[in-house]
Each structure stands twice: as C-alpha cells, then as structure tokens.
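Each remark here refers to the structure printed beneath this line.
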Amino acid sequence: MAKLYRIQQEIKNYFMGKKVNPKILSPESQKELSIYKSLAIDSLNSTMRKIFPLCYKILQDNWNPIIQEYYETYPSNSAIYNQVAKSFSIYLKDWKFRWKYRNENYPKWLFELAEYEWVEVDLFNYYRDRKISDDSSDSNLKSSGELIRLTKAHKVYRFDYPISKIVEHLSSERQIYNLTYFKKAKERLLIFRDRYDKIRYFLLSDGSYYLIDKLRSGTNVQDLYKKFYKKFGITEVDIDSTEAKLNDLLINFTKEGILTSS
C-alpha cells in the first residue's frame, strides 16, 4: 500500500512537470507515465489554443515547442488545465522566451495579449454577488444611502499598448500584416462579467478610472460625487452637467450588472 501511495505521488509530480524518482517506478510504469505525459501535453495544447486563440494565431509556427517548454518551465500546482494556463503571460514576458525567439520578430505586446485573453477564463472563477441592483432610476441613485461597489467578477488592467485595438485587429477575418505596427499607447480597461455571464469591457478615461477605483472598495453616491468634484476641480457652474454625466455612467454600470449594493 505504501508503495502504491508513492507511485501515485510520483504520477502527480509527473503531471505537474516535476521529476520522477526512477527508483520508485518500474521501467514498465515509467513507460506508461511517458504515454500519460504525452496525452497530458496534447490535452494542454488543445486547452491553451482555446484559451489563447489570438496568441495562437501569432505563435502557431512554433506553438507545439512553446507549449512543451511552457509546461516544463512553469509547472503548475494544479492538474486542472485551465489553471495550468494562468502563467502563460509570465512565460511570454520572460527574457528566456524573448531571447530564444528573437529572430521571429514577435510583438512586444504579446504577453499583454495573453493576459487579456486569460482574464475571460479567470473571471468565471469569481463568486457571483448575490445582490445586483435592477433599479437604475435616476432618483434611486441620488437618494440611496446604500454603499454601491463593483461586483467581484471584474478586473482593471493598465496596458502599455492599445490592447483593445490589437484584439479587434487580430479577431478580424482579414490577413494579419505587420504586427509590430502597434506602438505604445497606454490604455486602461475595466473587464467584467455581466449579469448574463458575458465578458464585457469599458475603456476608461482618467475620470472613469477614478470612479472605478472608488467603487471597488464601496462608497455611496453623494460621497462619490463630492470626491470627484474635488479631484478634478469641478466648479459650481459645471456641477449640474457633471452630475448628470456621472449619473448616466452609474446607471449604465447598473444596467450592465457591474454594480452591486450592500
């Protein structure tokens, strides 16, 4: 029984990219494990292609060796393939990858693209907030004393490159030309799972980013407005028009299912 347990542990280590102790496993068992690992790599390869379809579009000529190397370089603590994939953006950012494939002229924003693609899978692991407001009336937003905040199923990213434009370009049916055309152009994105479990995103301006930052920890509407006016120097003359715009934005967030109250 003890030997069986040790073999099971070695099998687990094998699947997570760790070394197998040859003294524990018989030659026959090692051969079987070699087959299992090959099947595991094939399954991981298929899963990674589904999670990172746009990265695959760029890397497809070297995809198989890249996945093999990734599997061995970043062993996972989980045998669940979706979780094995979560460090892919880190691997693509590593200097070893960039040096090995330096002649391929892969774009510098490749790791940001992988992060963008991964977030769709990652957001589905978040607990769904129980109370998402259905009342988006103007008066309710102004008078409510409840704290409003973003749902847990959201992420805020600050990318160095125009990742939303890059995704749009790569998702089109036309042939890809000159991937290095996209230069640095910082953008901030709110990516979230709406009430219908669809992944959506908002491109954030300075003002909307400030609002999002305050909503992440929770605030009431009136305090939120006051802080916004102070932060951006809104004068008495412009308060009414600014409040109307802020109210419309919060109503939009409510309709999208990104705001919850407590």
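What follows is calculated from the coordinates using simple rules that are stated; it is not laboratory data. Here the structure is a predicted model, which means the values were calculated and not measured. Quick reminder, even Gly has a Cβ in these numbers, built from the backbone with ideal geometry, and neighbours come from all protein chains shown.
Key figures
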item: Fraction of the pair-distance distribution of segment 177-262 above 15 Å, Cα-Cα pairs, percent; result: 65
item: Cβ crowding within 10 Å averaged over residues, with 61-69, 110-118 ranked highest first; result: 110-118, 61-69
item: Cut-off under 5 Å, modelled amide H: who pairs with residue 147 long-range; result: 262
item: Amide H within-cut-off set for residue 161, under 5 Å, with H built and near neighbours excluded; result: 185, 187
